[in-house]
1. Report yes if some residue within the range 74-90 is in a helix (DSSP H, G or I), within 30 Å of Gly126 (Cα to Cα) and without any contact (Cβ under 8 Å) to a residue 60 or more places away in the chain; otherwise report no.
2. In the list Arg27, Arg68, Arg62, which residue meets the criterion of being among the charged types (D, E, K, R), out of contact with any strand residue (DSSP E or B) (no Cβ under 7 Å at 6 or more places or on another chain) and modelled with pLDDT of 95 or more?
Amino acid sequence: MNAVQSLIIIAVAIIGFSGIWLWLRRRLKTIAQDCAQLREELAVLKKDQHLALQGSYGMGQRMLRLERRFKSLIEAPQPEPVVEQPFSYTQATQMVEEGADEEAIAATCGISRSEAHLMRKLCAQGFAENPAEA
């Protein structure tokens, strides 16, 4: 092998190593950019995870408070239900026909004086019928 051939082999090797070096350099730059992007995404995910944990912790605390409140409401004595007197239009109509005054109708049927007054007017105009007559 002569000197020219040796120089050509060295030149080809240098060019080959230069190409590999340039490719590795570009690849390293791409990897560094990818790594920076992944770090940013990781920071966003950590922030989202932190917010989710805070929200779930807050929701858990709220549920515990509601559970304690619910338990105290269940254990608290309950008031007796108010039983309303049944209202009878028939009874009010009969009382109007018998000539009872509005105050008596209101007290007996459990309605207001204005409702008794209205019943009186409806009976007078024939809009309220007594079911016993129908």
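The values are calculated or read from the model by the stated rules, or taken from the named source; none is laboratory data. Everything numeric here is computed off the predicted structure, so don't read it as measured data. FYI the Cβ positions are ideal-geometry reconstructions off the backbone, even for glycines, and counts take in every protein chain you see.
1. Looking through the range 74-90, at least one residue is in a helix (DSSP H, G or I), within 30 Å of Gly126 (Cα to Cα) and without any contact (Cβ under 8 Å) to a residue 60 or more places away in the chain.
2. Arg27 is the lone residue from the list that is among the charged types (D, E, K, R), out of contact with any strand residue (DSSP E or B) (no Cβ under 7 Å at 6 or more places or on another chain) and modelled with pLDDT of 95 or more.
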